[in-house]
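Here's the structure we're looking at; comments come further down.
Just so you know, all these numbers are worked out from the coordinates, no wet-lab data involved. Source: prediction; values computed, not measured. Neighbour counts run over all protein chains shown; Cβ positions are idealised from the backbone, glycine included.
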Amino acid sequence: MIILNALLVIATFLLVIATFLYVRLTNRILQANQSAVAAMKEEITASVRPYVYFDLFIEDRTVKARLRNTGRTAAHKVDVNTTPQLRRVVQKTSSPALLTHNTTAFLPPKGEIVEAIALLEEFRSQHQAAVALNGTVSYSDGKGERYGEPFQINLFTHPDMA
């Protein structure tokens, strides 16, 4: 009888240890799954959010500014800030570029807005002291989450400006 009781105590002790190990293993699996779910949520959010970019290009000897959304959802309240201030020249009159001076309320997915800035020669003379155009594009998605994309356009090495 004493041997039987001793075996029962040992078996109970082994079951307690096995249960403890099982609980620890289950907890580790749960934590790994939670991390994987969080990573998947971030990936899904990144795949469906707007991505707005600003750049300059030349078409028909005219410098143009382009604001485009390459993302899969619309961008709202798009602001472009540049240093130095991007100015457009129309009939020899200089004024702030509309894309950098005004807020764009809505930019659909795959949408773009192009603004003529100046003839290439006028642009070069106006920005001859500037080496680079630095700035930030800030915007929000449909849920109100704000994003910011910094940019730098080197005016001397830009392929269209050289």
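Please list, short to long, the whole-number percent of alpha-carbon pairs of the chain in consecutive 10 angstrom bins beginning at zero.
All Cα pairs considered, the percentages come to 9, 27, 19, 12, 7, 7, 6, 6, 4, 2, 0.
Taking only Cα atoms and a 10 Å spring cutoff, compute GNM fluctuations for the chain and point out the largest among 97, 38, 105.
38
Whose amide H sits under 5 Å from the amide H of residue 118, counting only residues 5 or more places off or on another chain, with H placed in the peptide plane?
63, 89
Mind checking which lysines have their C-alpha under 27 Å from residue 92, skipping anything on the same chain fewer than 8 residues away?
Those lysines meeting the cut-off are 64.
Suppose R0 equals 35 Å; then what is the FRET efficiency for residue 73 and residue 134 from their Cβ-Cβ distance, rounded to the nearest 0.05?
The calculated FRET efficiency here is 0.80.
Is the stretch 48-141 rounded, prolate or oblate when judged by the Cα gyration tensor, a ≥ b ≥ c being the square roots of its eigenvalues, rounded requiring a/c under 1.5 and prolate requiring a/b larger than b/c?
Verdict is prolate for the stretch 48-141.
Relative to a virtual label point 7 Å from the Cα of residue 48 in the Cα→beta-carbon direction, which members of the stretch 74-98 show backbone nitrogen distances below 20 Å?
What the label zone holds, given the 20 Å backbone N cut-off, is 74-77.
Which number comes out as Rg/Rh for the stretch 1-48 once both Rg and the Kirkwood Rh are worked out on C-alpha atoms?
1.51
Taking the 0 to 90 degree range and rounding to the nearest ten, how far is the long axis of helix 2-48 tilted relative to the main principal axis of the chain, both from C-alpha atoms?
Helix 2-48 sits roughly 10 degrees off the main axis of the chain.
Top mean-square fluctuation among 25, 133, 120, Gaussian network model of the chain, C-alpha springs under 10 Å?
In this elastic network of the chain, the residue with the biggest mean-square fluctuation among 25, 133, 120 is 25.
Students often forget the sequence filter, so: which aspartates and glutamates lie under 13 Å Cα-Cα from residue 143 once same-chain residues fewer than 8 apart are removed?
Cross-link targets: none qualify.
Zone of residue 143 (label point 7 Å along Cα→Cβ, backbone N under 20 Å): which residues in the stretch 64-91?
Flagged as within label range: 70-78.
Name the most mobile residue of 54, 123, 20, meaning the one with the largest mean-square fluctuation, in a Gaussian network model of the chain with Cα contacts below 10 Å.
So, out of 54, 123, 20, the one fluctuating most is 20.
Report the FRET efficiency, 1/(1 + (r/R0)^6), for residue 120 and residue 39, where r is their Cβ-Cβ distance and R0 is 41 Å, rounded to 0.05.
Step by step, r from the Cβ atoms, then E = 0.30.
Once you put a point 7 Å from the Cα of residue 15 and another 7 Å from the Cα of residue 101, both along the Cβ direction, what distance in nm separates them?
Using points 7 Å along Cα→Cβ, the separation is 8.2 nm.
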